[in-house]
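Here's the structure, in structure tokens; my notes come after.
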Amino acid sequence: MTPLSPGFADPVLDAQACFRAVLEAMSRPGRVVVAGAALRPPAPLCRAAAAVLLTLADADTPLWSDAGANAEAWLRFHCGAAFVTAPDHAAFVLATGTPPALDALQPGSEEQPQRGATLVVQVASLGAGHGWRLTGPGIEHEHRLAVTGAPGGFLAAWAMNRARFPRGVDVVLCAEDRLAALPRTVAIQEG
């Protein structure tokens, strides 16, 4: 058994700071923000993904993860996450490797679109610059987001996810201590 590394140094203040960072990222799609810089979660969990889940997941939000037993034990201990065995039953889905297909995740319903899953995907790197061109609510004209290590076929799957609005899946991309959010309303084009 591997000993558990610490979570947030100050659980209340650090979770509040991370919540503000996630809110900033969701309200300004594609903007890269820092979260969890001081965390040391077990591999393969990156600091930003760990911070997002410590902030948003709890015993009432079903979580699915491919991060392995050490990361699962760490998340169970620090946020009381209730793990499920299938990603389509999860409110939060953590993908440290190849994520499940967007259309296989819980999209919510017309009456309760807020029940759509949030997919937290770890990628190699994130930054402002050339790459994806984002448009939609929260973006004045367009925003550029450089993503390295996005899942194959992500942009086509994203277009289909967006077409289900108001239902659909929201995505939080994480790399090291940086994150960027993709609410289901945002349109993404390559280049």
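The values are calculated or read from the model by the stated rules, or taken from the named source; none is laboratory data. Here the structure is a predicted model, which means the values were calculated and not measured. Every residue, glycine as well, gets a Cβ built from its backbone with ideal geometry; the counts of neighbours run over all protein chains shown.
Would you say Asp60 is within 15 Å of the chain's Cα centre (by Cα) and surrounded by fewer than 20 Cβ atoms within 10 Å (Cβ to Cβ)? Break it down stepwise before answering.
Numbers: within 15 Å of the chain's Cα centre (by Cα): no; surrounded by fewer than 20 Cβ atoms within 10 Å (Cβ to Cβ): yes.
No, not satisfied.
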Quick count over the range 98-120, residues being under 16 Å from Ala150 (Cα atoms) and without any contact (Cβ under 8 Å) to a residue 60 or more places away in the chain, is 5
Exactly one of these conditions fails for Val121: (1) under 15 Å from Leu173 (Cβ atoms); (2) among the hydrophobic types (A, V, I, L, M, F, W, C); (3) surrounded by fewer than 17 Cβ atoms within 10 Å (Cβ to Cβ). Give me its number. (3)
Among the listed residues Thr148, Thr98, which satisfies the condition of being of a type in the set (Val, Ile, Thr) and within 22 Å of Ala69 (Cα to Cα)? Thr98
Just to be sure, is Thr118 closer than 21 Å to Glu176 by Cα and either in contact with a helix residue (DSSP H, G or I) (Cβ under 6 Å, 6 or more places away or on another chain) or modelled with pLDDT of 95 or more (or both)? yes
Positions within the range 21-51 being surrounded by 21 or more Cβ atoms within 10 Å (Cβ to Cβ) and among the charged types (D, E, K, R), in sequence order: Arg47
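Every residue, every condition in (1) outside any loop (DSSP other than H, G, I, E, B); (2) surrounded by 15 or more Cβ atoms within 10 Å (Cβ to Cβ), yes or no:
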position	(1), (2)
Gly131	yes, yes
Pro137	no, no
Glu140	no, no
Val147	yes, yes
Pro151	no, yes
Trp158	yes, yes
Asn161	yes, yes
Pro166	no, yes
For the range 146-178, the count of residues that are within 13 Å of the chain's Cα centre (by Cα), over 14 Å from Gly116 (Cβ atoms) and not charged (D, E, K, R) equals 4
Of all residues in the range 69-96, which are closer than 23 Å to Gly7 by Cβ, at pLDDT 95 or above and in a loop (DSSP other than H, G, I, E, B)? Val84, Ala90, Ala91, Thr96
